[in-house]
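Below: one structure, written as structure tokens.
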Amino acid sequence: MNAALRPSEHQTEPLGQRTKVLSLVDVDKSFSGGVVALKRLNMTVHAGDFISLLGPSGCGKSTALRLIAGLMRPTAGRIVWEGGQGRDDFGVVFQEPTLMPWATVGQNVWLPFRLRGQSYASVKDRVEETLSLVGLERFAKSYPRELSGGMKMRVSIARALVTAPRLILMDEPFAALDEITRQKLNDDLLALKSRMGSTVIFVTHSVFESVFLSDRILIMAPRPGRVLQEITVDAPYPRGLDYRTSTDYAAKARETSEALMTAMGGVLMEGE
Amino acid sequence: MMAATDVRNMTKADAPQLDAEEERHARAKRIEGVAKWLLPAVVLALAIFGWDRIVVINAIPRYILPGPGLVVQTLIQDWPILYPALLVTLKITFMALGVAVLGGVGLSVLFTQSRFAEMCFFPFAVILQVTPIVSVAPLIFIYVSSKLAALLLCAWIVAFFPILANTTLGLKSTDHNLRDLMTIYKASRWQRLRFLQAPSALPYFLGGLRIAGGLALIGSVVAEYVAGTGGVGSGLAFRILEAGYRLNIPRMYAALLLIAATGVVIFMVTTTLNHLLLRKWHESAVKRE
């Protein structure tokens, strides 16, 4: 592995005293019109965590992500990046690949560096290395329209990873993909995570995805959006086909489904 | 054994059928490729031939409708008069188009950077656009002493609006997720404009440019009609007017031919530019397999 993409230093620390990356303290968010999107959200993210926010639509899981990303300000409460100001260092993957259609794959992945004023030549190796991590080393000169949906999503992930950020925010990134592509990307995401030691917050509405990927699942409920329950998934990484077909996985999926049913209690009549 | 025979029979029966269809498809494509050029050329030739026949058969006098042969002949004969006029018209058209691009793009950037600027000045742009240039041009020729400047101003008024309107629309229709991405990576206003808004607006701008190219020519011709001054430095429109007064209809047609040709060339240039800039990525220009 290249030195530039080594696991973050936190990875090597013993469990239990892992470095905090981010905490949300009593975060509220309401919109004009009186809609309470989030009520008293508390969350602590440690280096190396893979946290899923799982819940029905309207539970504020995307709002939580947008608050962390700084795209919105909380109405009340605090979002604290450990290490203080300027440490809000993260990459984002949206539900859509969100690539610039006029730019090549390589140029798209270059964007975070480009906006910092770094030339392509100075980060070319890094861009190519990240592309090869997501299996797209041969496509640096292709345009997004020439790629399949899954490949576009890989480019989007490469762009989020290329600066080796402390935290990666993912907002239902695989929701629009077919099941086969989705499973493959789930596998690859875990491989990437263990290789780079990334910390991930992952918004999803899929029970199975959350159980497969995360070590913590926050079950969220709507009206007002809040965290109802936290489920810990202790199955060790790396997780693969063995885990996907294990009884542990099935049991965890059942537990999560039940928690989700509780969270949705009363809103089922809306046909969800 | 049975199965193997079946498969062989199947291939025999099916394979040629499929090939025939493919072949028909390919042939249709080839024919279409040729017809795309040939058909308009043939129809145009037929139309010119028809024009010639009508003139000859009805013995129409040349001061009412000259035949195509006479028009071409006049074009060659009067070239020393028409060529300088063509250069004048071209100069005004392209200068006006250039200023329209600068003005249209500049104003649209201003409008998207500041909503207040848009509120203040957009009504003026609309008023300029909706007022027929023929009715404004005489005033412009009174107020602006330089004839060239006045002509330019008229052509610019006609040509800049489609560029302004289209580019403004383009600068505003950026993908909202990409906008969020720019915010996340703390892009400056300038970076946002350069890396996101400008490329998003490019197809819209080029669409505006195609309209503006034709309008710049119309604007310069109309302005010249209104200006009506003769002598040195007159464009094609003046030559048409002058030939009309002298009942020199063949020269009118020759000048008209040059104006039409100029319009076609402008259209082809802007279309080619559009294709070259967008063929790699934009849906309007990429070839579908």
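The values are calculated or read from the model by the stated rules, or taken from the named source; none is laboratory data. None of the values given here were measured: they were computed from a predicted structure. FYI the Cβ positions are ideal-geometry reconstructions off the backbone, even for glycines, and counts take in every protein chain you see. We work out accessible area using only protein heavy atoms, side chains counted, and drop any ligands, DNA or RNA first. Shrake-Rupley method; radii C 1.70, N 1.55, O 1.52, S 1.80 Å.
Filtered by the rule that a residue be open to solvent by 70 Å² or more (accessible area, probe 1.4 Å) and either assigned to a helix (DSSP H, G or I) or among the polar types (S, T, N, Q) (or both), region B:239-272 gives B:245, B:253, B:256, B:257, B:264, B:265, B:267, B:268, B:269, B:272.
Yes or no, residue by residue, for (1) open to solvent by 80 Å² or more (accessible area, probe 1.4 Å); (2) closer than 30 Å to residue B:194 by Cβ; (3) in contact (Cβ under 8 Å) with a residue 24 or more places away in the chain; (4) in a helix (DSSP H, G or I):
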{"residue": "B:29", "(1), (2), (3), (4)": "yes, no, no, yes"}
{"residue": "B:36", "(1), (2), (3), (4)": "yes, no, no, yes"}
{"residue": "B:43", "(1), (2), (3), (4)": "yes, no, no, yes"}
{"residue": "B:47", "(1), (2), (3), (4)": "no, no, no, yes"}
{"residue": "B:66", "(1), (2), (3), (4)": "no, no, yes, no"}
{"residue": "B:83", "(1), (2), (3), (4)": "yes, no, no, yes"}
{"residue": "B:90", "(1), (2), (3), (4)": "no, no, yes, yes"}
{"residue": "B:110", "(1), (2), (3), (4)": "no, yes, no, yes"}
{"residue": "B:129", "(1), (2), (3), (4)": "no, yes, yes, yes"}
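How many of the residues making up region A:197-211 are crowded, with 24+ Cβ neighbours inside 10 Å and either outside the structural domain of residue A:24 (by TED's automatic domain parsing) or more than 13 Å from the chain's Cα centre (by Cα) (or both)? Summing the residues that are crowded, with 24+ Cβ neighbours inside 10 Å and either outside the structural domain of residue A:24 (by TED's automatic domain parsing) or more than 13 Å from the chain's Cα centre (by Cα) (or both) in region A:197-211 gives 1.
Has region B:278-289 got any residue that is surrounded by fewer than 14 Cβ atoms within 10 Å (Cβ to Cβ) and assigned to a helix (DSSP H, G or I)? No, every residue in region B:278-289 fails to be surrounded by fewer than 14 Cβ atoms within 10 Å (Cβ to Cβ) and assigned to a helix (DSSP H, G or I). Name the single residue that is surrounded by the most Cβ atoms within 10 Å (Cβ to Cβ) among those in region B:150-184 being among the polar types (S, T, N, Q) and without any contact (Cβ under 8 Å) to a residue 12 or more places away in the chain. Among residues in region B:150-184 that are among the polar types (S, T, N, Q) and without any contact (Cβ under 8 Å) to a residue 12 or more places away in the chain, the one surrounded by the most Cβ atoms within 10 Å (Cβ to Cβ) is B:177.
Residue-by-condition table, conditions (1) of a type in the set (Phe, Trp, Tyr); (2) in contact with a Ser or Thr (Cβ under 9 Å, 6 or more places away or on another chain); (3) under 22 Å from residue B:277 (Cα atoms):
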{"position": "B:171", "(1), (2), (3)": "no, yes, yes"}
{"position": "B:178", "(1), (2), (3)": "no, yes, yes"}
{"position": "B:181", "(1), (2), (3)": "no, yes, no"}
{"position": "B:189", "(1), (2), (3)": "no, no, no"}
{"position": "B:196", "(1), (2), (3)": "no, yes, yes"}
{"position": "B:201", "(1), (2), (3)": "no, yes, yes"}
{"position": "B:213", "(1), (2), (3)": "no, yes, yes"}
{"position": "B:217", "(1), (2), (3)": "no, yes, no"}
{"position": "B:220", "(1), (2), (3)": "no, yes, no"}
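Pairs meeting the criteria (first residue in region A:113-134 and away from every other protein chain (no Cβ under 14 Å) and at pLDDT below 90, second residue open to solvent by 50 Å² or more (accessible area, probe 1.4 Å) and part of a helix (DSSP H, G or I), beta carbons under 8 Å, at least 6 apart or on different chains) are A:133/A:195. In the set A:192, A:228, A:177, only one residue is assigned to a strand (DSSP E or B), farther than 13 Å from residue A:252 by Cα and assigned by TED's automatic domain parsing to the domain that holds residue A:249; that residue is A:228.
For first residues located in region B:185-201 and at the interface with chain A (Cβ under 10 Å from one of its Cβ atoms), partners that are crowded, with 18+ Cβ neighbours inside 10 Å and in a loop (DSSP other than H, G, I, E, B) and lie 6+ apart or on another chain with Cβ distances below 6 Å form the pairs B:185/A:115; B:187/A:115; B:191/A:115; B:196/B:174; B:199/A:102; B:200/B:174.
Condition check ((1) open to solvent by less than 10 Å² (accessible area, probe 1.4 Å); (2) within 14 Å of chain B (Cβ to nearest Cβ); (3) touching a strand residue (DSSP E or B) at 6+ places or on another chain (Cβ under 9 Å)) across all residues:
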position: A:46; (1), (2), (3): no, no, yes
position: A:50; (1), (2), (3): yes, no, yes
position: A:55; (1), (2), (3): yes, no, yes
position: A:63; (1), (2), (3): no, yes, yes
position: A:68; (1), (2), (3): yes, yes, yes
position: A:72; (1), (2), (3): no, yes, yes
position: A:83; (1), (2), (3): no, no, yes
position: A:91; (1), (2), (3): yes, yes, yes
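Whether a residue is charged (D, E, K, R) and over 22 Å from the mean Cα position of the chain (by Cα) was assessed, and residue A:78 does not pass this test. Across region A:135-148, the qualifying residues are those that are assigned to a helix (DSSP H, G or I) and within 14 Å of chain B (Cβ to nearest Cβ), and the one among them that is surrounded by the fewest Cβ atoms within 10 Å (Cβ to Cβ) is A:145.
With respect to the conditions (1) closer than 25 Å to residue A:159 by Cβ; (2) open to solvent by 40 Å² or more (accessible area, probe 1.4 Å); (3) in contact with a His (Cβ under 7 Å, 6 or more places away or on another chain), residue A:20 falls short on a single one, namely (1). Taken together, the residues in region B:49-64 that are of a type in the set (Lys, Arg) and not in a loop (DSSP other than H, G, I, E, B) amount to 1. Note on region A:98-112: residues that are more than 7 Å from every other protein chain (Cβ to nearest Cβ) and open to solvent by 30 Å² or more (accessible area, probe 1.4 Å) total 2.
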